[in-house]
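Enquirer: The structure that follows is given in the form of structure tokens.
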Amino acid sequence: MIWITCPFCGPRDHAEFSYGGDGSIQYPALDAPVQDWHDAVFLRANICGVQTETWQHVHGCRMWLKVVRDTMTHEIHSVTPAHPGLAAVLEAEA
Amino acid sequence: MTRFSAWNVLWQGITGQKGWTRQWRDPEPKSHYDVILVGGGLHGLATAYYLSKNHGVRSIAVLEKGWIGGGNAGRNTTIVRSNYTRPGNREFYEHSLTLWEELSHELNYNVMFSQRSHIALLHSPGAIDAAARGYNTMRLTGTPDAEIWDLDRLQQEVPHLNYASGARFPIMGAAVQKRAGTARHDAVAWGYARAADTRGVDIIQNCAVTGVERNGGRITALETSRGRITAGKVGFAVAGNTSRLWNMAGLGGLPIESHKLQAFVSEPLKPLLDQVVVFGMGGAHFYISQSDKGGMVFGGDLDWYKSYAQRGNLPIVQDVAEAAMSVMPCLGRVKLLRHWAGVVDMSMDGTHFICKTPLDNLYLNAGWNYGGFKATPAAGWWFADLIANGRPAPMIGNFDLKRFERGLQIDERGAGADPKLHG
Ligand SMILES: Cc1cc2nc3c(=O)[nH]c(=O)nc-3n(C[C@H](O)[C@H](O)[C@H](O)COP(=O)(O)OP(=O)(O)OC[C@H]3O[C@@H](n4cnc5c(N)ncnc54)[C@H](O)[C@@H]3O)c2cc1C
Ligand SMILES: [Zn+2]
């Protein structure tokens with residue numbers, strides 16, 4: 001079982017989260033060449049080892065998170081908000 | 001190697017089974033092969049066989065890092081069907097099914113192909129309409145054994161399902177392919193290995209490819225745990241490990257992600273289920289059949305996050321058990337004997353690749369999602385054709401890496417470019 005420590009909710013079972021995908025993808029500008037969009041949408045490094053990925057805490061705070069995880073050992077190295085700006089706003093409101 | 005025949009089996013029975021010989025050799029790797037296939041799963045072995053049989057290629061090696069059939073070949077739930085509706089897929093899988101029908105004779109090895117019917121349960125009038133459209137497409141395009149069953153017929157043929165009208169998803173009928181069924185996965189690996197070996201193919205186990213030596217746009221040699229081997233042509237057929245080999249070859253991204261899928265087998269039971277039954281509804285996915293030993297063989301969805309680990313997680317065990325209980329409540333007290341996981345090569349549109357690559361003499365067989373067992377004979381057949389002739393036959397024209405650039409996605413589910421959503 002993987003435990004993900006949500007920066008907002010604390011350590012939780014991964015079943016509370018939904019896996020997004022490769023978190024290292026940089027989407028190109030809207031008017032970028034089609035080839036750039038093709039590469040971002042369809043090609044993956046598919047790393048065996050440590051990768052950055054996105055998860056959403058769907059059964060918790062519903063925030064999107066950036067998780068650095070090993071795809072072979074499943075060890076989690078870090079969990080941070082995927083949208084630091086939004087996280088700061090929420091924190092200020094709280 | 002002794003051929004199997006009724007006479008031989010009888011003779012060995014009388015003489016104490018002492019006269020059988022090795023089923024395939026255990027050769028030392030040579031320093032060069034005309035064609036090297038990386039991966040001793042079903043696809044690598046089948047390709048080696050057809051390269052020799054259909055194309056007369058003489059110098060072939062299959063390099064396997066563990067033992068043949070130890071990957072997804074020996075981990076799948078053995079379902080064989082051809083109920084596809086996308087152009088390209090339906091012809092390809094129908095060709096595969098016709099090859100399956102003769103496979104035991106072709107290989108002189110009993111692969112226990114059992115055409116016991118594949119029954120996909122339907123739970124709403126809309127689902128029945130959608131299935132009718134798909135199965136009519138099959139009938140119109142060369143797959144004659146597609147049928148829609150109403151509830152009465154289904155209840156007669158498969159009496160033990162949960163037909164309670166108060167079920168969360170009451171069963172209303174089924175889409176049935178009658179020539180579909182199961183085969184014994186190990187026997188398919190061993191059968192192809194034995195038949196390929198007989199034709200002179202070197203099957204080299206415990207031989208991991210660790211590096212790819214390139215000269216510009218060509219591969220010159222493979223570095224392996226058993227030394228350097230030069231190659232005329234190279235084919236990758238490594239399923240979930242495709243991106244790792246792709247990296248070794250110094251190539252960039254691929255439209256593939258590696259995910260893991262679990263499978264389960266129960267303690268052996270007396271005959272209970274004569275067909276393959278599939279349940280797919282919203283978030284639930286479940287498929288089940290009974291092996292000849294009596295074990296209930298079943299599975300469900302992926303573990304939902306990318307992984308190279310061949311071990312499954314517990315939430316999916318629970319998910320699959322819940323689906324089992326909702327479809328076949330009579331399984332409630334049956335004990336689970338074993339469960340395991342395999343690393344599958346999930347593609348961006350749920351369809352595979354049998355294609356050329358950016359390197360002149362490298363060919364790719366990958367992207368099988370969790371449906372590459374049924375594809376084995378055709379995948380081997382057409383991958384061999386591609387490697388031998390250096391060009392894709394029309395049958396595999398759209399199974400290339402560039403189809404997304406052409407705006408083509410062969411997406412049976414209509415799930416979009418998210419590998420974990422395909423099946
Ligand atoms: C749980 C599960 C259930 C499934 N159920 C079904 C089903 O019901 N029906 C269906 O049609 N399909 C099913 N599949 C999919 C099917 O099993 C696969 O698509 C198919 O087996 C893949 O082809 P293969 O047999 O060649 O792969 P594999 O058997 O995985 O072969 C690849 C081989 O490459 C080797 N390899 C990897 N890296 C290296 C290296 N560096 N050097 C040398 N060798 C290497 C591996 O050790 C492995 O043996 C299922 C898969 C799983 C995991
Ligand atoms: Zn949270």
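Where a number appears in this text, it was derived from the coordinates with a stated rule and is not lab data. Remember, predicted model here, so these are calculated numbers, not experimental data. All Cβ positions, even for glycine, are placed from backbone atoms using ideal geometry, and neighbour counts span all protein chains on display.
Enquirer: Going by a ≥ b ≥ c, the root eigenvalues of the Cα gyration tensor, does the range B:34-90 fall in the rounded group (a/c under 1.5), the prolate group (a/b larger than b/c) or the oblate group?
Expert: oblate
Enquirer: How high is the FRET efficiency from A:SER78 to B:GLN318, r the C-beta distance, R0 30 Å, rounded to 0.05?
Expert: 0.60
Enquirer: Could I have the simple spin-label model distance between B:ARG311 and B:LEU269, label points 7 Å from Cα toward Cβ, reported in nm to one decimal?
Expert: With each label point 7 Å from Cα toward Cβ, the separation is 2.9 nm.
Enquirer: Could you give me the ³J(HN,Hα) list for the range B:70-75, computed from phi with Karplus coefficients 6.51, -1.76, 1.60 and θ = phi - 60°, whole Hz, x at Gly and Pro?
Expert: x, x, 5, 3, x, 10
Enquirer: Related question: Could I have the simple spin-label model distance between B:ARG406 and B:ASP292, label points 7 Å from Cα toward Cβ, reported in nm to one decimal?
Expert: 4.1 nm
Enquirer: Give the value in nm², to one decimal: projected area of the alpha carbon convex hull of the range B:339-423, averaged over all directions.
Expert: Working: hull surface 25.3 nm².
Projected over every direction and averaged, the Cα hull of the range B:339-423 covers 6.3 nm².
Enquirer: Per residue of A:36-45, how many C-beta atoms from partner chains lie within 10 Å of its own C-beta, taken as a mean?
Expert: For this peptide, the per-residue mean of nearby foreign Cβ atoms is 6.
Enquirer: Additional query: Over the range B:206-249, what is the mean sequence separation of C-alpha contacts under 8 Å (at least six apart), divided by residue count, expressed as relative contact order in percent?
Expert: Here the relative contact order equals 33 percent.
Enquirer: Further question: Go through A:56-68, B:231-243, B:28-40, A:31-43 and give me the packing order, highest mean Cβ count within 10 Å leading.
Expert: B:231-243, B:28-40, A:56-68, A:31-43
Enquirer: What is the spin-label model distance, in nm, from B:THR141 to A:LEU86 if the labels are put 7 Å beyond Cα along the C-beta direction?
Expert: Placing both labels 7 Å along Cα→Cβ, they lie 3.9 nm apart.
Enquirer: So, one more: For the range B:66-112, just say rounded, prolate or oblate: build the C-alpha gyration tensor, square-root its eigenvalues into a ≥ b ≥ c, call rounded for a/c under 1.5, and beyond that prolate if a/b exceeds b/c, oblate if not.
Expert: Numbers: a/c = 2.57, a/b = 1.39, b/c = 1.85.
Since a/c reaches 1.5 but b/c is at least a/b, the shape of the range B:66-112 is classed as oblate.
Enquirer: How big, on average over all directions, is the shadow cast by the Cα convex hull of the range B:281-423, in nm²?
Expert: Over every viewing direction, the Cα hull of the range B:281-423 projects on average to 10.6 nm².
Enquirer: So how strong a dipole does the range B:157-293 carry about its Cα centre when Lys and Arg Cβ are +1 and Asp and Glu Cβ are -1, to the nearest 20 debye?
Expert: Charge dipole of the range B:157-293: 280 debye, to the nearest 20.
Enquirer: Now a separate question. Going by average Cβ density within 10 Å per residue, which order do the peptides B:382-389, B:245-252 take, highest to lowest?
Expert: B:382-389, B:245-252
Enquirer: Tell me, what is the percent relative contact order of the range B:175-261, built from C-alpha pairs under 8 Å that lie six or more residues apart? Don't skip to the answer; put the middle values down first.
Expert: Details: 64 pairs, mean separation 14.3, N = 87.
For the range B:175-261, the relative contact order is 16 percent.
Enquirer: Determine the distance separating the Cα centre of the range B:226-242 from the Cα centre of the range B:16-43; give it in Å without decimals.
Expert: 15 Å
Enquirer: Using only Cα atoms, locate the centre of the range B:146-215 and the centre of the range B:373-423, then give the distance between them in Å, rounded to an integer.
Expert: Cα centres, the range B:146-215 to the range B:373-423: 19 Å.
Enquirer: Assign one of three labels to the protein assembly as shown, namely rounded, prolate or oblate, based on the Cα gyration tensor with a ≥ b ≥ c the square roots of its eigenvalues; rounded applies when a/c is under 1.5, prolate when it is not and a/b is larger than b/c, and oblate otherwise. Walk me through the numbers on the way to the answer.
Expert: Details: a/c = 1.61, a/b = 1.12, b/c = 1.44.
Taking the square roots of the gyration eigenvalues as a ≥ b ≥ c, the protein assembly as shown is oblate.
Enquirer: Return the Rg/Rh value of the range B:145-188, two decimal places, where both radii are evaluated on C-alpha atoms and Rh is the Kirkwood radius. Write out the running numbers ahead of the final one.
Expert: Values: Rg = 13.8 Å, Rh = 12.3 Å.
For the range B:145-188, the value is 1.11.
Enquirer: Other chains near A:64-75: what is the mean number of their Cβ atoms within 10 Å of each residue's Cβ?
Expert: Numbers: counts 0, 0, 0, 1, 0, 3, 3, 10, 6, 3, 6, 0.
Per residue, the number of nearby Cβ atoms from other chains is 3 on average.
Enquirer: Can I ask one more? What would the Debye equation give as log₁₀ I(q)/I(0) for the range B:273-352 at q = 0.15, 0.16 Å⁻¹, counting only Cα atoms as equal point scatterers?
Expert: -0.60, -0.68
Enquirer: Roughly how many Å is it from the Cα centre of the range B:261-283 to that of the range B:107-137, as a whole number?
Expert: 15 Å
Enquirer: Kindly rank B:277-290, A:80-93, B:129-142 from highest to lowest mean number of other beta carbons found within 10 Å of each residue.
Expert: B:277-290, B:129-142, A:80-93
Enquirer: If each DSSP helix of 4+ residues adds -39,500 (n - 2.57) and the sum is divided by the residues in chain B, what number results at 222 nm, nearest 500 deg cm²/dmol?
Expert: Roughly -9000 deg cm²/dmol at 222 nm, from the helical runs in chain B.
Enquirer: State to the nearest 20 debye the size of the charge dipole of the protein assembly as shown about its Cα centre, where the only charges are +1 on K and R beta carbons and -1 on D and E beta carbons.
Expert: Numbers: 49 positive and 48 negative charges, 295 e Å.
Result for the protein assembly as shown is approximately 1420 debye, rounded to the nearest 20.
Enquirer: To continue, here is another question. What's the average, rounded to a whole number, of partner chain beta-carbon atoms within 10 Å of each residue's beta-carbon in B:297-310?
Expert: The per-residue average across the peptide is 4.
Enquirer: Under unit Cβ charges (Lys, Arg +1; Asp, Glu -1), what dipole magnitude, rounded to 20 debye, does chain A have relative to its Cα centre?
Expert: With only Lys, Arg, Asp and Glu charged at Cβ, the dipole is about 160 debye.
Enquirer: Over all alpha-carbon pairs in chain B, figure out the percentage whose distance exceeds 35 Å.
Expert: Working: 24699 of 89253 pairs.
That tail contains 28 percent of the Cα-Cα pairs.
Enquirer: Moving on to the next point. Here are some pairs, B:LYS233/B:LYS374; B:LYS30/B:LYS53; B:LYS53/B:LYS293; B:LYS18/B:LYS233; B:LYS293/B:LYS420; B:LYS374/B:LYS420; which of them have Cα atoms lying more than 29 Å apart in this structure?
Expert: B:LYS53/B:LYS293; B:LYS18/B:LYS233; B:LYS293/B:LYS420
Enquirer: Farthest toward the dipole's positive end in the protein assembly as shown, which of B:ILE396, B:ALA6, B:SER347, given Cβ charges of +1 (Lys, Arg) and -1 (Asp, Glu) about the Cα centre?
Expert: It is B:ALA6, whose Cα lies furthest towards the positive end.
Enquirer: Work out the FRET efficiency for B:THR220 and B:THR98 from their Cβ-Cβ distance, taking R0 = 30 Å, and round it to the nearest 0.05. Intermediate values should be presented prior to the final figure.
Expert: Details: r = 39 Å, r/R0 = 1.28.
So the FRET efficiency works out to roughly 0.20.
Enquirer: Okay, next question. In the protein assembly as shown, if the dipole is taken from +1 on Lys/Arg beta carbons and -1 on Asp/Glu beta carbons about the Cα centre, which of B:LEU272, B:TRP149, B:HIS285 is farthest to the positive end?
Expert: Going by the Cα projections, it comes out as B:LEU272.
Enquirer: Something else about it: With r defined as the distance between the Cβ atoms of B:ASN8 and B:LEU337 and R0 fixed at 41 Å, what FRET efficiency is calculated, to the nearest 0.05?
Expert: Numbers: r = 33 Å, r/R0 = 0.80.
For B:ASN8 and B:LEU337, the calculated efficiency is 0.80.
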